[in-house]
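Novice: The structure follows.
The values are calculated or read from the model by the stated rules, or taken from the named source; none is laboratory data. This structure is a prediction, so every number in the text was calculated from the model and none was measured. Here the Cβ positions follow ideal geometry from the backbone for every residue, glycine too, while neighbour counts run over all protein chains shown. All accessible areas refer to the heavy atoms of the entire protein, side chains included, with ligands and DNA or RNA removed. Shrake-Rupley method; radii C 1.70, N 1.55, O 1.52, S 1.80 Å.
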Amino acid sequence: MVTRGGCHCGAVAFEVDGEPAEVERCNCSICTKKGYLHWIIEAARFRLLRGSDKLAVYTFNTKAAKHYFCSACGVASFYIPRSDPDKVDVNARCLDGIDPQKLHVVELDGRNWEKAIELRRKTAAAAVEPRK
Ligand SMILES: [Zn+2]
């Protein structure tokens, strides 16, 4: 199945293969203020349908993350995360037909970013390890 999403005014729209099983909530400086619910997916699953000319980008600190937002309505519906620059981080709050209060939320301690990402990678690696 395909899930569609985008900004508030409709200038930016995208579609994604699949739907989120769980999302991350991060307490770092920017995620706290933006209220992102992170759904990080392989870039091949993400297709921008319109709005590339309306996207503005904000960067800070290492400048690795590309925080895109709609220049008309200001909504940040997806971005390129510092943790996974080859992937797309979709803001699950911006998906059509998805109630963010019904999503399974996992906390990420982004205020201790290096530690939190290391822990996340270990957890992900353990999850894909074959059973013995
Ligand atoms: Zn917009």
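Novice: Sequence-distant or interchain residues sharing an amide H contact under 5 Å with Phe78, placed H: which?
Specialist: Here Asn91 satisfy the definition.
Novice: Hey, which lysines would be in cross-link range of Lys54, C-alpha to C-alpha under 26 Å, not counting anything within fewer than 8 residues on its own chain?
Specialist: Lys33, Lys34, Lys63, Lys66, Lys87
Novice: With θ set to phi - 60°, apply the Karplus curve 6.51 cos²θ - 1.76 cosθ + 1.60 along region 10-22 and write out the HN-Hα couplings as whole Hz, x wherever there is a Gly or Pro.
Specialist: Ordered by residue, 3J(HN,Hα) equals x, 5, 9, 9, 8, 9, 9, 6, x, 9, x, 8, 8 Hz.
Novice: Something else now. Just want to confirm a number: the relative contact order over the chain, from Cα pairs under 8 angstrom separated by 6+ residues, in percent.
Specialist: Worked out over the chain, it gives 28 percent.
Novice: Output needed: percent of Cα pairs per 10 Å distance bin for region 15-132, bins running from 0 to the one holding the longest distance.
Specialist: Bin by bin from 0 Å, the calculated values are 12, 45, 34, 8, 1, 0.
Novice: For the chain, find the longest principal axis of its Cα atoms and tell me its angle to the long axis of helix 113-128, 0 to 90°, nearest 10.
Specialist: 70
Novice: For Phe69, what accessible surface area do you get with a 1.4 Å probe? Give it in Å², rounded to 10.
Specialist: My reading of the accessible area for Phe69 is about 60 Å².
Novice: Convert each backbone phi in region 59-70 into a coupling constant with the Karplus relation 6.51 cos²θ - 1.76 cosθ + 1.60 (shift: θ = phi - 60°), then list the ³J(HN,Hα) values in order as whole Hz, x for Gly and Pro.
Specialist: These are the phi-based 3J(HN,Hα) values: 10, 7, 6, 6, 6, 6, 6, 10, 7, 6, 8, 6 Hz.
Novice: Something else now. Hey, got the dipole for the chain? About the Cα centre, +1 on K and R Cβ, -1 on D and E Cβ, debye to the nearest 20?
Specialist: 260
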